[in-house]
1. Of the residues that sit in the range 30-81 and are within 23 Å of H96 (Cβ to Cβ) and of a type in the set (D, E, K, R), which one is surrounded by the most Cβ atoms within 10 Å (Cβ to Cβ)?
2. With respect to V31, determine if the residue is modelled with pLDDT under 90 and not polar (S, T, N, Q).
3. Checking F117 against (1) of a type in the set (F, W, Y); (2) in contact (Cβ under 8 Å) with a residue 40 or more places away in the chain; (3) part of a strand (DSSP E or B), which test does it fail?
4. Quick check on the range 131-156: of everything there that is under 13 Å from the mean Cα position of the chain (by Cα) and part of a strand (DSSP E or B), which residue is surrounded by the most Cβ atoms within 10 Å (Cβ to Cβ)?
5. Check off (1) in a loop (DSSP other than H, G, I, E, B); (2) in contact with a Gly (Cβ under 8 Å, 6 or more places away or on another chain); (3) under 26 Å from P29 (Cβ atoms) for R159 and give me the number that stays unchecked.
6. Scan the range 90-109 residue by residue and report those that are surrounded by fewer than 14 Cβ atoms within 10 Å (Cβ to Cβ) and either out of contact with any helix residue (DSSP H, G or I) (no Cβ under 9 Å at 6 or more places or on another chain) or under 19 Å from K66 (Cβ atoms) (or both).
7. Quick check: anything in the range 117-124 of a type in the set (G, A, S), in contact with a helix residue (DSSP H, G or I) (Cβ under 7 Å, 6 or more places away or on another chain) and under 18 Å from P48 (Cβ atoms)?
8. Could you grab me the full set of residues in the range 104-114 that are of a type outside the set (K, R) and part of a loop (DSSP other than H, G, I, E, B)?
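The values are calculated or read from the model by the stated rules, or taken from the named source; none is laboratory data. In this text, all values refer to a predicted model and were calculated from it rather than measured experimentally. So basically every Cβ, Gly included, is an ideal-geometry build from the backbone, and we count neighbours across all protein chains shown.
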Amino acid sequence: MRGGLWLLLILALGGLFWWGMQRDPRELPSVLAQERRPAPDFALPLLPPYRAAWGETFRLADHLGKKPVVINFWASWCYPACYEEAPVLEAFWRRHRDQVLFVGVNFQDKELEALRFIAQFGLTFPQVYDPRGRVGVDYGVRGVPETFFIDREGRVLARHAGAVDEATLARYLEEALR
């Protein structure tokens with residue numbers, strides 16, 4: 001009898017684990033986006049290459065209400081997705097920087113590795129450093145990369161899990177600019 005209960009428990013836990021592994025993280029909803037909640041504010045240190053232009057600390061609230069904001073959570077250890085999307089984000093930023101602000105949040109990474117990644121892709125939009133992932137928790141980040149689109153009023157429009165492409169960036173920017 002006891003052996004049967006243990007077997008049943010193991011099978012139930014195994015089934016739950018299997019079910020969880022079948023779920024696509026891109027399909028997991030974001031409460032922030034579903035309810036168009038205000039974007040959680042944060043103040044994080046900028047990585048050294050951005051301090052001359054942006055200061056020592058980047059505070060999101062200082063930039064809301066002016067233009068839409070795209071927040072991209074990434075890490076140097078996030079291969080291949082972060083490596084695929086970095087050039088797309090940079091190209092889009094260079095073309096649309098007068099319409100939208102991009103902010104990279106380096107998530108649970110080592111600063112030296114983050115700086116190598118930034119140099120490799122020539123990223124010019126501001127990058128902040130969040131080694132403990134505190135801001136990611138506030139946004140409900142489940143893994144990197146994840147990108148959040150924030151409208152002019154400071155409300156979260158959408159969350160995109162996985163490497164973001166140019167069509168997705170264009171679609172959300174169009175929505176944010178309405």
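1. K67
2. Working: modelled with pLDDT under 90: yes; not polar (S, T, N, Q): yes.
Yes, satisfied.
3. Looking at each condition in turn, F117 falls short on (3).
4. So in the range 131-156, the residues under 13 Å from the mean Cα position of the chain (by Cα) come out as 133-150, 156.
If we keep only those that are part of a strand (DSSP E or B) too, we end up with 146-150, 156.
Working: E146: 25, T147: 24, F148: 25, F149: 25, I150: 27, V156: 24.
Residue satisfying both the conditions and the ranking: I150.
5. Condition (1) is where R159 drops out.
6. From the range 90-109, those surrounded by fewer than 14 Cβ atoms within 10 Å (Cβ to Cβ) are 91, 94-95, 97-99; that's our starting set.
Within the range 90-109, R94, R95, R97, D98, Q99 meet the criteria.
7. Scanning the range 117-124 turns up at least one residue that is of a type in the set (G, A, S), in contact with a helix residue (DSSP H, G or I) (Cβ under 7 Å, 6 or more places away or on another chain) and under 18 Å from P48 (Cβ atoms).
8. In the first step, residues of the range 104-114 are kept if they are of a type outside the set (K, R); the result is 104-109, 111-114.
Answer for the range 104-114, where residues must be of a type outside the set (K, R) and part of a loop (DSSP other than H, G, I, E, B): Q108, D109.
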